[in-house]
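All remarks here apply to the structure that follows.
Only the coordinates and a few stated rules stand behind these numbers; no lab work does. Predicted model only: the values in this text are computed from it and were never measured. So basically every Cβ, Gly included, is an ideal-geometry build from the backbone, and we count neighbours across all protein chains shown.
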Amino acid sequence: MQTVDTGATRTPLLNDPAKRSLIYQVGVLLAVGALAYYLVSNTLDNLERQAIATGFGFLEKESAFEIGESLIAYSAADSYARALWVGVLNTLKVSFVGILLTVLLGTLIGIARLSTNWLVSRIAAIYIEVFQDIPILLQLFFWYAFFYEMLPAPRQALNPVAGLFLCNRGLIFAVPAEHPDWGWAGWAFLAACGAVYLLRRWALQRLFKTGKTVPLFWIAVGLLSGLPLLAWLLGGAPTAMDVPELRGFNFQGGVSVSPEFAALLLGLVLYTAAFVAEIVRAGIQSVNRGQTEAAKSIGLKPGQVLSLVVLPQALRVIIPPLTSQMLNLTKNSSLAVAIGYPDFVSVANTTINQTGQAIEGVALIMAVYLCLSLLTSALMNWYNKKMALVER
Amino acid sequence: MTVHVYDSRTAEIKPPVTSVGVLGWIRKNLFDGWFNSVLTVLVLALLVKMVPPFVRWALLDSHWLPSGSGCQDAQGACWSIVTANLRFIIFGFYPHDLQWRPLLAMIILVALLFYSRNRKHWRYALGWSWLAGLAVMGLLLRGGFFGMAVVESTQWGGLPLTLLLAVFGLTGAYPLGVLLALGRASRMRAVKTLCILYIEMIRGVPLISLLFMSSVVFPLFLPEGVTVNKILRAQAAIILFTAAYIAEVVRGGLQAIARGQYEAAESLGLNYYQTMRLIVLPQALKIVIPPSVSILISAFKDTSLVVIIALYDLLKTTKSVLADPRWMGFSAEAYIFLALIYFCCCYFMSNYSRRLERELDTGL
């Protein structure tokens with residue numbers, strides 16, 4: 001009988017999967033490390049030769065440039081750090097408003113695309129195709145030119161609705177004049193939101209215990225509109241409006257939206273809404289027809305069919321791609337630099353040009369957008385988990 | 001016994017006019033219920049209000065002569081800005097009498113694209129002819145052989161530059177993206193981590209930050225005395241950016257391949273390289289063709305961002321025409337013309353991608 005001497009036939013080093021993989025990994029790490037070392041040493045040499053100081057010390061220095069619009073108090077005497085923070089806030093502002101409007105408009109167009117009305121569905125299809133196929137930057141330039149070239153000067157401002165003016169200084173509209181009562185109405189609205197939330201929990205518990213339903217929708221509408229109205233009435237029902245008036249070459253009063261912001265918002269919303277519309281359409285179509293039919297056959301009303309059966313299933317399909325569209329909108333808002341809206345990239349770019357701290361500036365841009373992306377996806381993942389199918 | 005007589009008159013009674021033909025179609029598709037009727041009327045009213053003035057502006061009252069005469073006081077569109085500056089918009093600062101070269105390069109590209117549309121032509125030879133075609137295109141633009149004058153890349157611009165950045169970007173990004181996707185699917189911890197880091201980092205930042213990096217930071221990375229021209233640097237940024245997106249698309253394809261395929265390949269004694277090249281990638285890459293076309297579309301649109309680092313692509317040439325005092329104030333016309341170019345290219349590609357998706361969908 002032949003005996004096998006296992007000790008004598010050792011596997012060659014490269015034929016042992018574990019060791020081979022270790023060797024490969026060490027090799028890759030070494031290669032990446034060497035590349036990094038090469039780049040860093042080159043960079044350090046170059047910086048030394050051009051006498052550029054490294055580090056983030058420049059953030060403390062006086063920025064010495066003005067920023068067109070800001071959510072917080074800012075002047076040219078403030079530091080670069082504050083200027084950059086103004087930029088971050090401006091980016092957040094346009095992204096937040098943009099995402100809200102995009103979801104609304106995109107959903108509307110997505111539903112219109114599925115309409116049985118031929119005309120409406122055709123127009124939605126044309127909208128989606130046209131706005132998807134034109135680069136966002138071109139659209140931004142177009143809207144920017146629209147505000148600065150095609151709209152009239154303040155003296156001949158377009159006035160489509162009373163209290164709203166459209167001219168080459170932007171969009172100016174009337175708002176209720178300041179009065180403490182408006183604050184109370186706001187608090188009342190928040191209180192109503194809390195009440196509706198608690199009511200919904202109670203109604204669901206009751207539904208599961210007794211099977212009795214509560215007309216929750218109408219109660220919610222009543223609460224949400226009634227409480228602020230009550231607060232408004234109790235506070236003396238102020239009706240004074242802060243109406244913009246033409247004085248000299250520009251409007252005074254009211255709230256004005258700068259042409260840069262308006263052009264950026266318009267471009268981002270119209271572009272991204274086309275993608276969102278396709279996502280919404282696909283999501284709704286992904287719900288099996290049988291689901292709708294079954295829901296109808298057990299006697300649910302059309303509204304209930306949509307809210308209890310179709311939407312919960314469609315949302316599961318919609319949310320992941322919708323998240324990436326929201327991220328796209330946030331990232332595309334960086335194109336503001338091309339039309340002069342002071343978003344973060346625009347401020348960082350000015351900073352780079354003034355201080356010459358290119359590496360730090362670009363690193364800051366990347367870090368801020370990475371944080372925004374991670375934050376948005378974390379939020380949406382949380383929401384997605386909440387909506388996900390709970391399997392038995 | 002009753003005899004049923006075939007009554008020729010009943011046979012001739014047609015369905016009511018309101019349910020067939022044009023009227024029937026209109027009723028079914030436009031006036032189906034009160035809500036749809038109101039919607040139709042509203043939309044029609046809006047169209048009547050908006051379309052005729054637009055047609056009057058764009059066609060009836062418009063000016064087309066390159067001299068631009070009558071543009072300043074006219075009510076209509078001034079297409080003269082396009083007709084007068086067409087060559088500059090399309091070719092940028094490329095020497096005037098040599099512009100047949102970029103034109104020929106673009107014709108080669110379009111011919112290759114049209115030839116590749118048919119799936120019957122998809123063979124290895126086609127891949128090689130693409131590589132050869134791209135090389136010829138690059139050489140044509142640059143010149144310097146057969147007695148053709150050298151045109152430095154600083155003079156390249158317009159549509160050829162846009163196409164170049166998009167097509168070379170995708171060609172360069174594809175191999176890198178496939179490698180990254182394989183790395184991400186790998187069992188080697190270090191490789192996997194590196195790939196995930198790269199992909200997620202690139203996908204988390206806007207392209208414009210990479211373009212900034214290419215224009216201001218990249219020169220610092222190079223040793224003293226070595227310089228790389230601006231177009232190549234932007235091209236590198238576009239490749240690095242697109243590769244991360246391609247990696248994600250290819251990852252989807254890799255995940256769609258059943259485990260049995262890998263196991264069968266292993267049991268045949270194929271090594272990793274052979275498994276990937278012969279078994280996995282051919283199947284995975286076939287699945288991801290339609291999404292790859294979508295990436296080509298977005299790469300094509302994204303090349304317009306190089307405006308921000310002052311490369312003379314299609315958008316930048318148009319903007320510099322608009323900066324000329326003679327043509328100031330005609331942005332709408334110029335941008336609409338550009339939008340048409342972009343729209344035609346993207347519509348062609350997305351239509352093709354949809355067709356491909358239908359054809360490749362074997363229902364499995």
Sort all Cα-Cα distances of chain A into consecutive 20 angstrom bins from zero, then give the percent of pairs in each bin up to the one containing the longest distance.
17, 43, 28, 9, 2, 0
Cα atoms only: what Rg and Dmax, in Å, come out for region A:1-155?
30.5, 109
What does the average come to when, for each residue of peptide B:211-220, you count the partner chain Cβ atoms lying within 10 Å of its Cβ?
6
Pull out the extension gain between A:A64 and A:R247, defined as 0.36 nm times the separation in residues minus the alpha carbon to alpha carbon distance; nm, one decimal.
62.8 nm
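How big is the C-alpha Rg of region B:18-153 next to the rule-of-thumb value 2.2 N^0.38 Å, as a ratio?
Details: Rg = 25.6 Å, N = 136, 2.2 N^0.38 = 14.2 Å.
Rounded to two decimals, the normalised Rg is 1.80.
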Would you kindly calculate the translational diffusion coefficient of region A:178-224, applying Stokes-Einstein with the Kirkwood radius from alpha carbon pairs, for 25 °C and a viscosity of 0.890 mPa s, and quote it in µm² s⁻¹ without decimals?
207
Overall dimensions of region B:190-280 as given by Cα atoms, namely Rg and Dmax in Å
18.3, 54
Taking the Cα centre as origin and putting +1 on Lys and Arg beta-carbons and -1 on Asp and Glu beta-carbons, what dipole magnitude results for region B:8-60, to the nearest 20 debye?
80
So how far, in whole Å, is the C-alpha centre of region A:44-81 from the one of region B:108-151?
47
Residue exposure sequence - B:Y174, A:Y369, B:Y124 - by fewest surrounding Cβ within 10 Å:
B:Y124, B:Y174, A:Y369
From the residues B:V48, B:G177, A:A338, which one has its Cα farthest along the dipole of the protein assembly as shown in the positive direction, the dipole being from +1 and -1 charges on Cβ of Lys/Arg and Asp/Glu about the Cα centre?
B:G177
Projected area of chain B, taken from the Cα convex hull and averaged over every viewing direction, in nm²?
34.6
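Suppose every Lys and Arg Cβ carries +1 and every Asp and Glu Cβ carries -1, with no other charges. What dipole size does the protein assembly as shown come out with about its Cα centre, to the nearest 20 debye?
2520
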How many lysine pairs does chain B hold where the Cα atoms are under 22 Å apart and the two sit 8 or more places apart or on different chains?
7
What percent does the relative contact order of chain B come to when contacts are Cα pairs within less than 8 Å and at least six residues apart?
17
Kindly provide the pair-distance distribution of region B:8-60 built from C-alpha pairs, with 5 Å bins from 0 and whole-percent values in order of increasing distance.
4, 17, 14, 14, 13, 11, 11, 7, 4, 3, 2, 1
Pairs of Cα atoms farther than 25 Å apart, region A:214-324, %
60
Quick one: what Rg and Dmax do you get for the protein assembly as shown from the alpha carbons, in Å?
31.0, 117
Nearest-0.05 FRET efficiency for A:N159 and A:T239 at R0 = 22 Å, using Cβ-Cβ distance, is 0.60
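Near A:S75, within a Cβ-to-Cβ distance under 14 Å, what is the net charge of the other residues, with Lys and Arg +1 and Asp and Glu -1? Present the calculation step by step, with values, prior to reporting the outcome.
Values: positive: A:R82; negative: A:E62, A:E66, A:E69, A:D78.
Computed value for this residue: -3.
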Output the relative contact order of chain A, whole-number percent, from Cα pairs under 8 angstrom with separation of 6+ residues.
22
To the nearest 20 debye, what is the magnitude of the charge dipole of region B:76-200 about its Cα centre, counting +1 on the Cβ of each Lys and Arg and -1 on the Cβ of each Asp and Glu?
700
Would you list B:E200, B:E224 from fewest to most Cβ contacts within 10 Å?
B:E224, B:E200
In a shell of Cβ-Cβ distance under 13 Å around A:M366, excluding A:M366 itself, what net charge do Lys and Arg (+1) and Asp and Glu (-1) give?
0
